[in-house]
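The values are calculated or read from the model by the stated rules, or taken from the named source; none is laboratory data. Just so it is clear, the model here is predicted, and its values are computed rather than measured. FYI the Cβ positions are ideal-geometry reconstructions off the backbone, even for glycines, and counts take in every protein chain you see. Areas reflect the complete protein model, heavy atoms only, side chains present, ligands, DNA and RNA absent. Shrake-Rupley method; radii C 1.70, N 1.55, O 1.52, S 1.80 Å.
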Amino acid sequence: MVVFSQPFVPGVKMKKFNIRKVLDGLTAASSSSSSSATAQPGSSRENDVIQETLQSDHFQLCKTVRHGFPYQPSSMAFDPVQKILAVGTQTGALRLFGCAGVECYCQHESGAAVIQLQFLINEGALVSALADDSIHLWNLRQKTPAILHSLKFSRERITYCHLPFQSKWLYVGTERGNIHIVNVESFTLSGYVIMWNKAIELSTKTHPGPVVHISDNPMDEGKLLIGYECGVVVLWDLKCKKADCRYNYDEAIHSIAWHHEGKQFVCSHSDGSLTTWNIRIPAKSVQIITPHGKQPKDGKKPEPCKPILKVEYKTTRAGDPFMVLSGGLSYDTVGRRACLTVMHGKSTTVLEMDYPIVDFLTLCETPYPNDFQEPYAVVILLEKDLVLIDLGQIGYPIFENPYPLTIHESPVTCCEYFVDCPAELIPALYSVGSRQKRQSYSKKEWPISGGNWGQGTQSYPEIIITGHADGSIKFWDASALMLQVLYKLKTAKVFERARGKEEKANTEIVEEDPFAIQTLSWCPESRMLCVAGVSAHVIVYRFSKQEVTTVVVQLLEVRMQCELNGGDSPDPGGEQTPTLPPPGGASSSPQDSEPPAQPSTGSGNNSSDGPKDNIPCLQVRSAPLKQSPGYQVELVIQLVWVSGEPPQPITSLAFNSSYGLVVFGNSNGLAVVDYLQKALLLHMGTSELYSPAEPYQRQPRSPRKVRQPSGATCDSNDGSNTTEDRCKSPTSGSTSPCNSDDERKQKFIEKVKLKSRRFSKTVANDFAKMSRKINSSSEQKTDLAKERSKQWRSVTCKKQICCASDGKAAGTATTQKGAVCRTASTPNLHARDNSFTRSRSSSVTSIDRESREAISSFHFCESYPRKNDVAVGPCVLVGTTQGTVLMVALSLPPGGDQRLQQPVGISPCGSMVTLKGGILTMALLDATGALLPPAYEPWYDPNASDEEKEKSRRRRPASPPSSQDGPDPQFAVLCSEKQAKVVAMPSQTRIYKHNITETSFVLRADVVQMGGAYCIACFCANGHIMTLSLPSLRPLLDVNYLPLTDMRIARTFCFSNLGQALYLTSPTEIQRITYSQETCDNRQEMLSELFTPVETPEAPNRGFFKGLFGGGAQSLDREDLFGETGAGKASRSLAQHIPGQGGMEGMKGAASGVVGDLARARIALDERGQKLGELEDRTAAMMASADSFSKHAHDMMLKYKDKKWYQL
């Protein structure tokens, strides 16, 4: 039996429920236990149900593409024919790069580090060797690469692999010094093994160490060069199965490189030396050089240097050969960065790198090792970058990298994703961003040019915005599964750089990253940008195509603090404390309340005992600021220190270009700023937003008792004991909040914070917040009850308005006095929180147990400010971390000059509804279920002429006029960390509710568009991604996608329209996902192709005399030598073969989308063709057997034809 209940609302007559909604609830089986639908009391349109078009069939979750630099790279390989680059990482990932826009990501299941990669050149396959002693064969001929075969070694550790060009036999060197040979077609071991004790001299008493190098002679495939770590090099004769020559050196070997003629090779050693050997003279090296060693005058051996980790020797037809090496610097260059050395003829060029070198490869014109190599570039894999050097130009300039590998240039602190933006945005951003590019790049095309773009059907513009720890903001073009940087904004230019100790002391709240971006708000239509930084500053930007020089940056300083007044504590400074406004009294703009005669600098200045007061964390630039085309500063807002206490981090931010307002909040309350008049309109504590008789004030809620009326919570006449008792949860008893569990939690949190420095403070604070939420969920109600015992004191603000370049005064400073509720409360010992917190999510609060009620989210709208209003007006919805949604009404003056002269009225209207957990997102729907977007002002260039401004500055209404044929023409959609509600406006009646999670909490929630309709998309801390229909809140998708193992994911996860989402999967990579079934179906079409049919270049001509006298390359029949016939079977216990899914079965899974049926049909035809071919082969074999039998029978008949029976 299903029981439908309706919450009791005093003074409202109960009405019978809507039978159609009951049926809708019964059909939604997954939501019947967690969501409830109630009819709108007093509604005359009960039977008019909004038709919802979104169904669960429209949703499916899958990864689409990964962007950015491979995190922790470990190896690299290049296909010179296909021109594809592969990079392996320490986490077992593979990243493949082709031309611009051609990228691919795949992952080894084991997660072991990739130690080496080898392409099957022009075959569409790749061999990877892992640290867990396994090798894998990847099929690159499909859009999603998959493993065809795997081989797991069980008794030996893999150290080096080598696959000769156009060979199917892979040489695998091991830590024991042995070499095994693998057939890459079948991935089976050959019985041919080169044992270390046969390779070295019998007189050698020590083990030669692991195999560090394997290569065949370019001119003789039957000779294999084996390098051991101890310094021994062996030239092995594969046919004779013995060592031809042995070359000994007393320093360890790191790498070996052949001359293309096969007569010489070069070894790099641990003492920074290079030795050149002639294969016919094993006794002594031909040459020993130390490229970076100091040559003594007496002819002695040069001073030892750092090891040369790798050397490559490449020849040219027309000039001197190139010798490229990494490492080898002298030990006296301690502070010098990693270098790559290019030796060409008599010149030696040392190229400094920004990061340590992981690996490098020299790109050559030919894939054949026995021809002149003709090197043209060097690709260098660094720890955090990928660099290509042009060897064909003087000075070796670098190529301009087309890949989005600079995401991590500074650590990402926040991320926003915008889908289906205005079409003119990307060209506008690109035009201003193209001027920022450096001009010293190579003039040649990017040499890694393989693959083809996907044939995607997505044509809508997509933009990703990333905020970084150095204060920079990057705009990325993310259209069509690609990523390209458009424009970079440096917010730190607005501020002075701290140099002295006194200046640096002001930034101790944020330590090394004072300019880090905390959160941002962007309006694509008006192109305005508002940024909040970790130093409690807000910057408003306008977009302009013209360069301008700002003489003085507009500055507004705001003084906000939390004052906890006990019964025996005097009011600081002796300031007169007014009482709360009477219930129902609408507070107008602060200019109307008590305009001061003179500008005030704040009442806390004279009485403050703290060392810092009215001091911002950062100093705004005093010199003229030259602003290039792009985003230009409109206004800087800074929170200042108050009585030695630093300003609290900004937890939420929003602005509206149509209203000209910026609103931001933290744990001290909220502030509203008019950026057109450069004036502070209002700032007040969170508790002051409630009216005295507020039904949703933060009273303790218990399921066992009826909630008591809370109209007298803010009254101080009842005594401290009564107030304290009233603020305790009925179920909490007298248990002290500071129990042993809390102490352990606090100690754990402190450990996390102590270990985290620089930007990792973000992760530490978020992790502490997560720990607090998960472990203290049972005590959440007690914390909420104690919150009401704290009262807020609205303090005076200090505003500094600087004259603009035209010399006009912007305005005068104002002083705002707020209300204070005197009540006995325990002082908050954790009031000061210096940790850097990510504030985009409303779940981010202070770490202490008795957390303040901070502002978590805002939403500008045009709605009904108060219950049962009949006309819509400009409003701001305010969400708090304790789950309350409050309404603030706005009164805007007319446009034009009056807007710049008359004040904006602000009136808090009290709370509207309450939810469990902090408020994450809010939105409005009209009577048809369509989203009502906030009003915006169309973009205009602020530096253009007045005539052009007037043409473009036309205020756009927030939305079409709502239908007034019913009492509730709007629906407010509210989502918190625990539940979602849909509230009818203006009656403020809850009509739908859904409990999203009980055991976890939501990290990110957004109202998004999908297929012409709207839904709520949620990401929970337990890894679940869910979508709920609107307005009925039916669950449409619930997938356990990604367990939250890293706070980076929680900090950067964001949803967008049309089923798109993304998050930062590593410090250097962005992972894009989709929750749209249509996008999943078309994913294969949108992905790029790695393999393209290319003819292999012709082999070098041997010449007449070389062919006549045998001077050319000698071939080897490896099949006879390594096959089972010639070498026998290998030991089964040595390695285990594991079949992969990259063949026909893998292609079956990959075939999907619009062309999926065709692809599946083609696969079926291929399978049918294969079966027919097999049948034909079997038929031919049977026919051959029959012919053979017939022949033998005929021979027998002829043999015994003329013999008598006694002669048989």
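Quick rundown of the values:
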| item | result |
| --- | --- |
| Highest to lowest packing among 204-215, 524-535, 874-885, 1043-1054, scored as the average C-beta count within 10 Å | 874-885, 524-535, 1043-1054, 204-215 |
| Mean-position separation - Cα centroids, the stretch 78-124 and the stretch 853-921, in angstrom | 53 |
| Sequence ranges 400-412, 474-486, ranked by mean other-Cβ count within 10 angstrom, highest first | 474-486, 400-412 |
| Net +/- balance of residues flanking Val888 in space, Cβ distance below 12 Å, scoring K and R +1, D and E -1 | 0 |
| Tail weight of P(r) past 22 Å, computed on alpha-carbon pairs of the stretch 141-255, percent | 33 |
| Restraint check, Lys198/Lys242; Lys493/Lys626; Lys205/Lys284; Lys263/Lys314; Lys198/Lys241, Cα-Cα greater than 18 Å | Lys205/Lys284 |
| Computed lengthening from Lys490 to Gln902, 0.36 nm per intervening residue step minus Cα-Cα distance | 144.9 nm |
| For the stretch 989-1031: rounded, prolate or oblate by the Cα gyration tensor [a/c cutoff 1.5] | oblate |
| Residue-normalised accessible area of the stretch 245-292, given per residue in Å² at a 1.4 Å probe | 42 |
| Sparse-neighbourhood loop sites, trypsin sites (Lys or Arg not before Pro) in the stretch 227-263 - DSSP loop, at most 15 other Cβ within 10 angstrom | Lys239, Lys241, Lys263 |
| Amide H within-cut-off set for Met560, under 5 Å, with H built and near neighbours excluded | Val640 |
| In Hz, Karplus ³J(HN,Hα) per residue of the stretch 145-160 (6.51, -1.76, 1.60; θ = phi - 60°; x = Gly, Pro) | x, 9, 7, 7, 9, 9, 9, 10, 7, 10, 10, 9, 8, 7, 10, 7 |
| Heavy-atom SASA rank of Met1196, Met922 (probe 1.4 Å, accessible area, largest first) | Met1196, Met922 |
| Measure of compaction for the stretch 218-344 (Cα Rg per 2.2 N^0.38 Å) | 1.11 |
| Mean accessible surface per residue for the stretch 322-473, computed with a 1.4 Å probe while every protein chain stays in place, in Å² | 43 |
| Mean Cβ count within 10 Å, highest first, over the residues of peptides 363-369, 1005-1011 | 1005-1011, 363-369 |
| Karplus-derived 3J(HN,Hα), 6.51/-1.76/1.60, for each residue of the stretch 1183-1194, Hz, glycine and proline x | 5, 5, 5, 5, 4, 5, 4, 4, 5, 4, 5, 5 |
| Taking the convex hull of Cα positions in the stretch 313-444, its mean projected area over all directions (nm²) | 12.0 |
| Interchain or long-range residues, amide H under 5 Å from Asp244's placed H | Leu235, Trp236, Asp237 |
| Residue-by-residue Karplus 3J(HN,Hα) for the stretch 1175-1182, coefficients 6.51, -1.76, 1.60, Hz, glycine and proline x | 5, 5, 5, 5, 4, 5, 5, 5 |
| Amide H partners (placed H, <5 Å) of Leu920, local residues excluded | Cys975, Ser976, Glu977 |
| Contour minus Cα-Cα distance for Ile288 and Thr1125 (0.36 nm per residue) | 296.9 nm |
| Cross-link pairs Lys83/Lys443; Lys143/Lys474; Lys152/Lys223; Lys63/Lys152; Lys384/Lys437; Lys310/Lys384 - those with Cα-Cα distance over 24 Å | Lys143/Lys474; Lys152/Lys223; Lys63/Lys152 |
| Accessible area in the full protein assembly, largest first, 1.4 Å probe, for Lys63, Lys1199 | Lys1199, Lys63 |
